[in-house]
Amino acid sequence: MKRHTLITIIGLSLLALAFGIRTVLAAPTVAPVSKASALHPNFILLDANGANVLESNNAVSTMQTCGQCHDTEFIASHAFHSDLGLSDYNTSAETWDSSDGIFGQWNPLTYRFLTQDGDERLDLSTAEWLMLNGERVVGGGPATSSRDGSSLEDLKTSKENPETSILKNGSPTTWDWDKSGTMEMNCFLCHLEAPNTEARTTAIHAGEFGNANTATLIGLSIVSQSSEGWAWNAEAFNENGELKSELIGIQDPTNSNCATCHGEVHPETDEPLTLNACDLNYPQTATTGQVVSGQRINESGVNLTDKNDIERSWDIHAERQLQCTDCHYALNNPAYASELQSNNPDHLIYDPRSLEIGEYLQRPDHNFARGESAQFNVAPEYKGTMRRCENCHDASKGHADWLPYIETHMDAVACETCHIPQMYAPAIQTYDWTVITTDGKAVETCRGVEGDPNKVTSLVTGYEPVLLNRTNIDGQQLLAPYNLITSFYWVYDDANGNSRPARLVDLETVFLDNGKYANDIVSAFDANGDGKLSANELTLDSTAKTDVVKTKLEALGLINPRIEGMVQPYSINHSVTRGEGAINECKTCHNAGSRVAQPIKLAGNAPVMPVFDVDNNVQGSGELVTGADGALYYQPIPASDNIYVFGSSRVSWIDWLGALAFAGSLLGVTGHGTMRFLSSKKQAQGAVRTERIYMYDIYRRFWHWLQTTSIVILLFTGLIIHRPDIFGAFSFRGVVTVHNVVAVILVINAALSLFYHITTDRIREFIPHPYGFFDDAIVQAKYYVNGIFKGEGHPFEKVPTSRMNPIQKATYFGILNVLLPLQMITGALMWSVQKWPQFANALGGLPFLAPFHSLVAWLFGTFIIVHVYMTTTGATPLEAMRGMVTGFEEVEVK
Amino acid sequence: MKNRFPSWTLGLLGILLLILVPVIYYLPRAKASTDPAAHIPTKAVHVDHKDIVKGEFKTGQEVTRACLECHEDAATEFMKTTHWTWESKAFDVPWRDEDVTIGKINQINNFCIGSQGNENKCMSCHAGYGWEQGKETQQANPENVDCLACHADTGAYGKGLFGNPAEGVDLLAAAQSVRATTRENCGKCHFDGGGGNGVKHGDLDESLYFPDESLDVHMGGEANMQCTDCHWTEDHQILGRMIADNYTIDPKEQVSCGQCHVDQQHKDERINTHLASVACQTCHIPAIALEDPTKVTWDWSQAGQEGREDDHFTYLKIKGEFTYEKNFTPTYLWFNGDNEYRYILGDPLGKDGVTYINKPAGNIEDKTAKIFPFKLHIAKQPYDVKNNYLLQPVTSGKDGFWTTFDWDSAFELAAPITGLDYSGEYGFTETYMYWATTHMVQPADKALQCESCHGENGRMDWAALGYPGDPIEWGGR
């Protein structure tokens, strides 16, 4: 009995243990919570004819299906992701851009030119454009409609029409839209937890556009594809013929949904992040190196320089659980009502008359709030509608504990400049289409990586973005970080007289012969004669090479083939870091080698001098320079954007002039002093009668020495601010504070002193007497150039009521009435830039005021040299100085 | 006087003051940083006892007698500590009429269960000799205090049966090796408690003898902190209490991060807002048992199988079946430092099938509670089917279960010792024991990040903690 019980107990316990403990142990790890909305009901999947796909076995129509509840017509017509520029398609003879969106805007990276009606040569037809770009096209817009707005399927098929043709083996053939179908706006792509983007892409690349949306559902136990067509799985539907919504997981778009088209996003925490670098399937990452992930960089799988020390996350906003849609929201989403009320009358803080949730769900505006990026111009009317840094963050509070001149900084520098100091992923540097690789691609160069960007053994170094001046929609100009991508390409004039980029198919004819380089190309390019074209050889670095290609292009009938180049800025707004990781050292910018003026490499070899892309909101005000390494660089010139950066910006002629004056006076007094010394040896000593007089009362001595100390400190700290690179030991911020505080002391001292001199009437001592001034001055001057060497007495007696000779009076008159006020005013204006920039701007802003202030400072320095020297011309060299210290001075008496 | 200080020096002084005072007032100041290391107590340099201690010693008691010649109060001080009594102060617990004490001396856990009747084995971790004399006699004699357990070089000393020195230990060498207590001394019992390396604590095991900084930011690397750097010790009273062996714990008796990390806030305000609800340990100890695995389940019901092969990590005939885990996510509970419940011998089993050996106190309403990481140890341990309480077997010794593999006799032997009647019918029931995780602290860059807890894949069970949903969206308490 006992044994029996024992066995039973053991058996039961084992069972209990197996289940119980397993479940209990599993309990602490919470299963991932599905974000899919439990509210979304089951729904019938309809085909294009409005029939249940279960019965028709057709492809699903998203417009019909989702249109049962949502106003899909409204959605599709209010969605620039769908429109992609189609609605403002307009051919232009001036530019190659027939629209603002990727359907029509020529992009030197993707290169192919969307052929316009009437073009001599067919390059990219609508169908091929869709095949090439379709995986990143949501559908609707150019995927269903022709350029004039009619349905693609209604077009009369003709191989002359770029909308109904496609390039096959180098020549145009017709494209049958009825057969391929078209691609409706694909709601599934962004609103499903796990859309099958792979199957969708396969359908699109195969030109089966009508199947693309249904392919998105493959693998969800809903539908499968066979040679017969679509087979819908009856078990996925309930008794009412409705799809069980839990199978499809309808949700708000997540970062992963956005990442399908935009760039690298890494939502998982534990799995180390790896990158698809410089890959245009991840355009945002490829063009800038932006990565959206909350993972710490040192925990990622990227082979980065000094990775262990990089404790920051790839993007603080991703780390803090923000979703793309938190800033790029649907424009009529009532949750963002307060953001959308900027047009309210001033007195109205909040207008409660916003959309009800139900109305919104029926007609959600799919024009999403967007930023002001340089290259993406679709729906320009929505630029600047998104939540930006300042909508959520109060920079004046966030920086209050350390950053001086907050307003000045914020008025000149975008948040991104400091908070995206470094990119940790490679980004495209150069796309050279003047030569092509054997697989028909441009020669690509990536920055921020040593070696092949997608090889795990390559060392990713990252790069520092270049700072360019951006003009916002509201007119504000801010320095912001950018990547610059330089592209080179052949251009020709077609028979219509329009210039066009050379077609890839023509380049392939020129360069390739059955997938290998043509013999004449090899013989022209192969410098080392090994029969292969290495990376060094595959570049147009000699006119001989260029001419070979040019001749071959001409032979194809291309008129006037020539190389052009363009430098395009790509905005960097993501991959943000918080305070500790941001630029928070003054000297990063306020020093020699300032970040503000840091150049960025454009291209190792430039077949032509590229032009800076003008079709955006970024000022390419710097210059293109060839570096010592022969490469082409972009050198920002902050001054041309009216930016003056203390410690970095300098006007060299002012410094030269100032230094010259300073050195000249030093030389002069040294010479004069030497001569005095030599001549004094020849003369008998003690011939002059002197008398001890109480020359300077206590206040005069006090204000003099206070002023002396202030001026010396100001000159010294000013010099450090001007050239922090020479005085590395000093804290820039501390020195600026000392300069400001001492300046205030100087001004107060000067004001009190002025008050004293006016009230005591002693101001007269400083005013040169007009009568006989020149005579007296000449007498005094003669003394300095002549008499002083002969031991003659001073021409004017120094008495307490008249201590100064005419030249002194004139000098002080100048110093006190011109130099000092100028320095005070310019200094105060420079200081006031943070609060009242309008005053400084009225006088030319910092770029004028700051160099002027420097110039006057040089003159003050010069004055001090002469002034100190002059004090040695008293009864004895140190007598005047002693007088200013003790008040009593031995002066010559006649 | 006047000659020494000419009047102009006053003016100079005035001018300097006029400039320096405002400049210094406005000069940006770096915030004073508080160096936590400054709070570590400085200890007197230990005197080398090599030439002081003279032998010969035949028994441990003789060594102690020699120690007490100079350190007169040492034994009386030590005998007041729980390291000697193995028993807490008396607690008034709501489910009992009389006050109870808790400790290894009289209560059970869900590892080796209980020490009563098992003194020959268990007392190898007691800092005293002579348990063969019985508890009363042993506890009364100051000479039974084992100074060497905590002060001798662990390489020169070891303990055997009944708390006495192990066979073959050179007591003179051991006595001459005495020094300030090191991690090795504490580790002997606290790293190997429960019968082997890392069995009990998930955060204390032999990997801490020579830890890297990445294992423990305090004990590892250059900091090389010793246990007593945090477990401050005065008159042999060591700061710090285990919730396993207490009911409530006075915060004054507990070690806390704040002892050294005074006013040390995170630079990130967002993190600081967590401090009201989240213990330091929760973020800074992201995982348990980083290097050596720790026991997470122990099924006594499987003990005694004939012919099944022994394996330290999965099965031992004398102990049953186990599972070990390493580098795993802790269990998170609200914790205010006390127990809500501590099983007292004779308590009835839990009603829902699980009996808690201890249950940390705290909930979302309790403002003193914070979310805290625990190692949960789940056991299947014997109970009296009729009397409905947990049983403590005699396992060691020649009549114990480990020799006879007969549960009945093991319980019958224990009954007079524990004072709990054995009905003759036993079963096995599931018991939970929670171990607070406070060691193997990680530096900031290895601490948890937002998404570790918040968002889709977070590790917190918000509903179980009492939140309506992820507080990043639903708001905190």
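Please treat every number below as a calculation from the coordinates, not as lab data. The shown structure was predicted, so the numbers you read here are calculated from the model rather than taken from an experiment. Here the Cβ positions follow ideal geometry from the backbone for every residue, glycine too, while neighbour counts run over all protein chains shown.
Counting every other Cβ atom within 10 Å of each residue's Cβ, A:Arg147, A:Arg112 order from fewest to most as A:Arg112, A:Arg147.
Taking a sphere under 14 Å around the Cβ of B:Thr228 and counting the other residues whose Cβ falls inside, with K and R at +1 and D and E at -1, yields a net charge of -1. Put +1 on the Cβ of each Lys and Arg and -1 on the Cβ of each Asp and Glu in the protein assembly as shown; which of B:Thr355, A:Ala880, B:Ala223 then has its Cα farthest toward the positive end of the dipole? Result: A:Ala880, furthest along the dipole toward the positive end.
Antiparallel DSSP bridges in the protein assembly as shown: what percent, to the nearest 5? For the protein assembly as shown, the DSSP antiparallel bridge percentage is about 85. Stretching the chain fully between A:Asp148 and A:Asp513 yields a gain of 127.5 nm (0.36 nm per residue, less the alpha carbon separation).
Between A:Trp836 and A:Asn42, the modelled label-to-label distance comes to 7.3 nm, taking each label 7 Å out from Cα in the direction of the beta carbon.
Could you tell me which of the pairs A:Lys455/A:Lys532; B:Lys375/B:Lys446; B:Lys80/B:Lys295; B:Lys80/B:Lys121; A:Lys455/A:Lys601 are separated by over 30 angstrom between their Cα atoms in the structure shown? As for pairs spanning more than 30 Å Cα to Cα, those are B:Lys80/B:Lys295. Taking the number of Cβ atoms within 10 Å of each Cβ as an exposure proxy, the fewest-first ranking of B:Glu473, A:Glu135, B:Glu430 is B:Glu473, A:Glu135, B:Glu430. Taken over the C-alpha atoms, the stretch A:53-248 has Rg and Dmax values of 17.5, 60 angstrom. Computed from backbone phi, the HN-Hα couplings of the stretch B:175-180 come to 5, 6, 8, 4, 7, 4 Hz, rounded to whole numbers (Karplus: 6.51 cos²θ - 1.76 cosθ + 1.60, θ = phi - 60°; Gly and Pro given as x).
Inter-label distance, A:Leu754 to A:Leu667: 3.6 nm, where each label sits 7 Å from its Cα along the C-beta direction.
Note on the stretch B:90-110 and the stretch A:414-432: Cα centroid distance 64 Å, given to the nearest whole angstrom. For A:Lys587, a cut-off of 15 angstrom between C-alpha atoms picks up these aspartates and glutamates, skipping any fewer than 8 places away in its own chain: A:Asp725. For GluC sites (Glu not before Pro), the sites in the stretch B:270-309 that DSSP calls loop and that have at most 11 other Cβ atoms within 10 Å are B:Glu306, B:Glu309.
Which entries in B:Lys104/B:Lys317; B:Lys159/B:Lys359; B:Lys159/B:Lys252 show an alpha-carbon gap greater than 29 Å? From B:Lys104/B:Lys317; B:Lys159/B:Lys359; B:Lys159/B:Lys252, over 29 Å: B:Lys159/B:Lys359; B:Lys159/B:Lys252.
Computing Rg and the Kirkwood Rh from the Cα coordinates of the stretch A:652-892 gives a ratio, Rg/Rh, of 1.00. Sorted on the mean count of surrounding Cβ atoms within 10 Å across their residues, most packed first, peptides B:21-28, A:460-467 read A:460-467, B:21-28. Dividing the Cα radius of gyration of chain B by its Kirkwood radius returns 1.07 for Rg/Rh.
For A:Ile825 and B:Cys257, the FRET efficiency from 1/(1 + (r/R0)^6), where r spans their Cβ atoms and R0 equals 56 Å, is about 0.50. A DSSP coil position with no more than 15 other Cβ atoms inside 10 Å describes the following GluC sites (Glu not before Pro) in the stretch A:563-668: A:Glu585. Whole-Hz Karplus values for the stretch A:161-169 come out as 8, x, 8, 10, 9, 7, 7, 10, 6 Hz, taken residue by residue from phi with 6.51 cos²θ - 1.76 cosθ + 1.60 and θ = phi - 60°; glycine and proline positions read x. Spin-label model, A:Asp270 to B:Thr76: label points 7 Å out along the Cα-to-beta-carbon direction sit 5.7 nm apart. Cross-link partners for B:Lys135 among the aspartates and glutamates, with Cα-Cα distance under 17 Å and sequence neighbours closer than 8 places in the same chain left out: B:Glu87, B:Glu119, B:Glu143, B:Asp146.
When only the Cβ of Lys, Arg, Asp and Glu is charged (+1, +1, -1, -1), the dipole of the protein assembly as shown relative to its Cα centre reaches about 6620 debye. Of all lysines in the structure, the ones whose alpha carbon falls short of 25 Å from that of A:Lys168, not counting any fewer than 8 places away in one chain, are A:Lys156, A:Lys159, A:Lys179, A:Lys441, A:Lys516, A:Lys550, A:Lys552.
At a Förster radius of 60 Å, what calculated FRET efficiency corresponds to the Cβ-Cβ distance of B:Glu456 and A:Glu55, to the nearest 0.05? The calculated FRET efficiency here is 0.95.
For the peptides A:818-824, B:9-15, A:348-354, A:326-332, the ranking by mean Cβ contacts within 10 Å, running from highest to lowest, is A:326-332, A:818-824, B:9-15, A:348-354. Working note: Karplus 6.51/-1.76/1.60 with θ = phi - 60° gives the stretch B:376-386 the couplings 9, 10, 10, 10, 10, 10, x, 9, 8, 4, 6 Hz, where Gly and Pro are set to x. What is the set of long-range amide H partners of B:Val296 at a cut-off below 5 Å, with H atoms built 1.01 Å from backbone N? Amide H neighbours of B:Val296: B:Thr323, B:Tyr324, B:Glu325.
Label zone of B:Asp366 (point 7 Å out along Cα→Cβ, amide N under 20 Å): in the stretch B:422-462 this covers B:432-439, B:460-462.
The A:Val785 and B:Leu275 beta-carbon pair, evaluated with R₀ = 51 Å, returns a calculated FRET efficiency of approximately 0.05.
Just going by the charge dipole of the stretch A:210-297, with Lys and Arg at +1 and Asp and Glu at -1 on Cβ, which of A:Cys258, A:Thr214, A:Ile248 is farthest out on the positive end? The Cα lying farthest towards the positive end belongs to A:Cys258. Semi-axes of the equivalent ellipsoid for the stretch A:419-641, computed as √(5λ) from the eigenvalues of its C-alpha gyration tensor and ordered from largest down, come to 36, 21, 15 Å. Computed extension gain for A:Thr872 through A:Ala592, at 0.36 nm per residue and net of the alpha carbon distance, reaches 96.9 nm. Looking at the stretch B:1-92, the GluC sites (Glu not before Pro) that sit in a DSSP loop and have at most 11 other Cβ atoms within 10 Å of their own Cβ are B:Glu56, B:Glu72.
When the alpha-carbon atoms of the stretch A:710-831 are used, the pair Rg, Dmax equals 19.0, 53 angstrom. Mean residue ellipticity at 222 nm, helices only, chain A: -10000 deg cm²/dmol; runs of at least 4 DSSP H residues each add -39,500 (n - 2.57), and the sum is divided by the number of residues. The P(r) of the protein assembly as shown has a tail past 65 Å containing 37 percent of all C-alpha pairs. Among B:Phe335, A:Phe368, sorting on how many other beta-carbon atoms sit within 10 Å of each Cβ, with the fewest leading, yields A:Phe368, B:Phe335.
For A:Val291, the residues whose amide H sits under 5 Å from its own are A:Ser575, ignoring neighbours fewer than 5 places away on the same chain, with H placed 1.01 Å from N. Peptide B:20-29 shows a mean partner chain C-beta count of 4 within 10 Å per residue C-beta. Excluding A:Pro421 itself, what net charge comes from residues whose Cβ is under 15 Å from its Cβ, given Lys and Arg +1 and Asp and Glu -1? In short, -4. For B:Asn388, the shell of other residues with beta-carbons less than 15 Å away shows a net charge of -4, using +1 for Lys and Arg and -1 for Asp and Glu. Within a 10 angstrom radius of each residue's Cβ in A:701-714, how many Cβ atoms of other chains show up on average? Whole number is fine. Taking all residues of A:701-714 together, the mean is 3. Packing order of peptides A:866-878, A:769-781, A:207-219, highest average first: A:207-219, A:866-878, A:769-781 (average count of other Cβ atoms within 10 Å over each peptide's residues). Taken residue by residue and averaged, Cβ atoms of other chains lying within 10 Å of the Cβ of B:447-455 number 5. As a length-normalised measure over Cα pairs under 8 Å and 6 or more apart, the relative contact order of chain A settles at 9 percent.
Considering only alpha-carbon pairs that sit under 8 angstrom and 6 or more positions apart, the relative contact order computed for chain B is 15 percent. Around the amide H of A:Leu459, modelled in the peptide plane, lie the amide H atoms of A:Glu450, all under 5 Å away and 5 or more residues distant in sequence or on another chain.
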